Amino acid sequence: GDSVTQMEGPVTLSEEAFLTINCTYTATGYPSLFWYVQYPGEGLQLLLKATKADDKGSNKGFEATYRKETTSFHLEKGSVQVSDSAVYFCALTFSGYSTLTFGKGTMLLVSP
Amino acid sequence: DGGITQSPKYLFRKEGQNVTLSCEQNLNHDAMYWYRQDPGQGLRLIYYSQIVNDFQKGDIAEGYSVSREKKESFPLTVTSAQKNPTAFYLCASSGTGGNSPLHFGNGTRLTVT
């Protein structure tokens, strides 16, 4: 079946460092891809998405590009802030949220 | 403000008791979902409902039950048949249309001892 693999955390960075969180997927075909963010004690929020190959999703300084050749959707940010500390989830679906498959999440800790 | 309200935030129960988690939305969304989140496991779908009075099992429905009598409400009952009920439970909703995002509540942390 479909699956999403994320790098294990926690990822620990100093403020203003460059961030990459790797996400690769296994699926037959070309799903829609998502990054969600979960701040402590809260539910998930959609951060960005891409629905077809070579699309770039971006939001709040975060970016991810849908690479079908490498079946990847890595999350990047040029300069992280302490407020970016959260758990980040990569996810995919072919046909709506009832079939959304999540990765296990990657915790990001940013220190001042 | 529109959103999803889950209550309570923390819930404690004794083993063998059924417990119902509340989820209410005022976003006028047709579809609602229940997920379970365990440390290091990501999210797993328990049940979902795309319309009032109809719902489908997700990947881990055993030991859970739901109802959808009103568009705004989708309560989840964790029954005594659920072998490992201690977890963080998240409710979500979405509208129709391919670009409608998934909105999440802030979750209920259930501890069963």
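Could you please tell me the mean projected area of the C-alpha convex hull for the stretch B:1-107, averaged over all directions and given in square nanometres to one decimal?
For the stretch B:1-107, the mean projected area of the Cα convex hull comes to 6.9 nm².
Label-point separation (nm) for residue B:17 and residue B:77, each offset 7 Å from Cα along Cα-to-Cβ?
1.6 nm
Per residue, how large is the accessible surface of chain A? Use a 1.4 angstrom probe and give square angstrom.
Working: 5280 Å² over 112 residues.
Result: 47 Å² per residue.
Under 8 Å for C-alpha pairs, at least 6 residues apart: give me the relative contact order for chain B, rounded to a whole percent.
Result for chain B is 35 percent.
Put a dot 7 Å past each Cα toward the Cβ at residue B:7 and residue A:58; how far apart are the dots in nm?
4.2 nm
Report the normalised scattering of chain A as log10 I(q)/I(0) at q = 0.09, 0.15, 0.20, 0.22 Å⁻¹, calculated by the Debye formula with identical scatterers on the alpha carbons.
-0.21, -0.58, -1.02, -1.21
Filter the trypsin sites (Lys or Arg not before Pro) in the stretch B:26-113 to those in DSSP coil with at most 14 other Cβ atoms within 10 Å of their Cβ, and list the result.
Here the sparse-neighbourhood loop sites are B:83.
What are the ³J(HN,Hα) values, in whole Hz, obtained from phi via the Karplus relation 6.51 cos²θ - 1.76 cosθ + 1.60 with θ = phi - 60°, for each residue of the stretch B:14-19 in sequence order, with x given for Gly and Pro?
Working through the residues one at a time gives 8, 4, x, 9, 7, 9 Hz.
Would you mind calculating the relative contact order of chain A from Cα pairs under 8 angstrom and at least 6 residues apart, reporting the percent as a whole number?
This gives 36 percent for chain A.
Using a basic spin-label model with each label point 7 Å from the Cα along Cα→Cβ, how many nm lie between residue B:44 and residue A:81?
3.7 nm
The values are calculated or read from the model by the stated rules, or taken from the named source; none is laboratory data. Every value quoted in this text rests on a predicted model; they were computed, and no experiment measured them. Note: ideal-geometry Cβ built from the backbone for every residue, glycine included; neighbour counts use all protein chains shown. The accessibility values were calculated without ligands, DNA or RNA, using every heavy atom of the protein model including side chains. Shrake-Rupley method; radii C 1.70, N 1.55, O 1.52, S 1.80 Å.
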